[in-house]
1. Going by what's in this entry, would Phe145 be described as of a type in the set (A, V, I, L, M, F, W, C), part of a helix (DSSP H, G or I) and in contact with a strand residue (DSSP E or B) (Cβ under 7 Å, 6 or more places away or on another chain)?
2. Show me the helices (runs of 4 or more DSSP H) found entirely inside the stretch 29-139 where at least 1 residues are within 30 Å of Leu230 (Cα to Cα), within 16 Å of ligand 1 (Cβ to nearest atom) and out of contact with any Gly (no Cβ under 9 Å at 6 or more places or on another chain).
3. Restrict the check to the stretch 8-27 and report whether at least one residue is exposed (fewer than 13 other Cβ atoms within 10 Å of the Cβ), under 28 Å from Leu90 (Cβ atoms) and at pLDDT 90 or above.
4. Is it the case, given these coordinates, that Ile186 is more than 27 Å from Arg103 (Cα to Cα) and surrounded by fewer than 19 Cβ atoms within 10 Å (Cβ to Cβ)?
5. Among the listed residues Thr177, Thr142, which satisfies the condition of being in contact with a Leu (Cβ under 7 Å, 6 or more places away or on another chain), in the same structural domain as Met91 (by TED's automatic domain parsing), modelled with pLDDT under 90 and over 28 Å from Ile119 (Cβ atoms)?
Amino acid sequence: MDTIIPFLRNNSFADFAKRLVSEFVSFPCPACLKNMPGDSSGFCSECLDRLPLVKNPVCRGCGAENDGIFEVCEKCLKEEKRKWRKAVALMRMEDYGRELIHRFKYKNDTALARPFGKIAAELLRKSRIKPDFIVPVPLHWTRTFTRGYNQSRVLCQIVSGETGIPVRTVLKRVKRTPKQANLSGIQRRKNLEGAFSVTDGEICRNGVILLVDDVLTTGSTLTAASSALLEYGAKEINILILARG
Ligand SMILES: [Zn+2]
Ligand SMILES: [Zn+2]
């Protein structure tokens, strides 16, 4: 009590309550599940250290680390011209980053959306991209049905909560495409022709849009989604991804 009474006199009750919570309550880190003090909305410091976060300079075509000689990286130079102005990526697709994305995407580990979303929101602030709204890249309904969720949409909701930028689900995946992993860039693009439709063209007109997906590999999915939005008069597309594949 001797320590608490002077503390109460000098601080607001909110500060006192906050300190009390951080001293006596701990939450598991969403990634390693070890208890950490304070709130549960971010990664613990050990997990943050292990994450292969992207360092500057970055490629504006895919958000990955770049040597800074050209505006776009070597991989992007080989791809068709990007339909977006700028891409922002959180991590390199390696080690712990790859493991967490796999859990987030396929293992129902949606608790990872919050810490990822917080990092994404911070990157977005630094990028000076000022989107009118955020659009998740949709899955075909059969895939959402079997997986139970669309990871991009879950991520968008957190980014929206952190930044105040609204989510608009104006894209619909109308064509189910086979797994793209073993296909060439040309085959991927061909598969994705007409894969997306826009459900509300009026909202898109003249809009600055942030399109969100988990991983960018060749960029064909994001290109097809961007094309659909641009056809409806979107003014500018920017991309946010967890990692460049
Ligand atoms: Zn952790
Ligand atoms: Zn690139």
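1. When the stated conditions are applied, Phe145 does not pass them.
2. On the way: elements: 45-50, 74-78, 95-106, 113-127.
Passing ranges, in order: 95-106, 113-127.
3. no
4. On the way: more than 27 Å from Arg103 (Cα to Cα): yes; surrounded by fewer than 19 Cβ atoms within 10 Å (Cβ to Cβ): yes.
Considered against the rule, which asks whether it is more than 27 Å from Arg103 (Cα to Cα) and surrounded by fewer than 19 Cβ atoms within 10 Å (Cβ to Cβ), Ile186 comes out as yes.
5. Values: Thr142 fails: in contact with a Leu (Cβ under 7 Å, 6 or more places away or on another chain).
The match here is Thr177.
This table checks each residue for (1) out of contact with any helix residue (DSSP H, G or I) (no Cβ under 6 Å at 6 or more places or on another chain); (2) under 20 Å from Arg92 (Cβ atoms).
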| residue | (1), (2) |
| --- | --- |
| Lys126 | yes, yes |
| Asp132 | yes, no |
| Thr142 | yes, no |
| Asn150 | no, no |
| Cys156 | yes, no |
| Thr163 | no, no |
| Val167 | no, no |
| Val174 | yes, no |
| Thr177 | no, no |
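Per-residue answers, yes or no, for (1) exposed (fewer than 14 other Cβ atoms within 10 Å of the Cβ); (2) free of Cβ contacts under 8 Å to residues at least 60 places away in the same chain; (3) more than 11 Å from ligand 2 (Cβ to nearest atom):
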site: Pro30; (1), (2), (3): no, no, yes
site: Gly42; (1), (2), (3): no, no, yes
site: Val58; (1), (2), (3): no, yes, no
site: Gly63; (1), (2), (3): no, no, no
site: Phe70; (1), (2), (3): yes, yes, no
site: Ala89; (1), (2), (3): no, no, no
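The values are calculated or read from the model by the stated rules, or taken from the named source; none is laboratory data. Everything numeric here is computed off the predicted structure, so don't read it as measured data. Note that we place each Cβ from the backbone using ideal geometry, even for glycine, and neighbour counts take in every protein chain shown.
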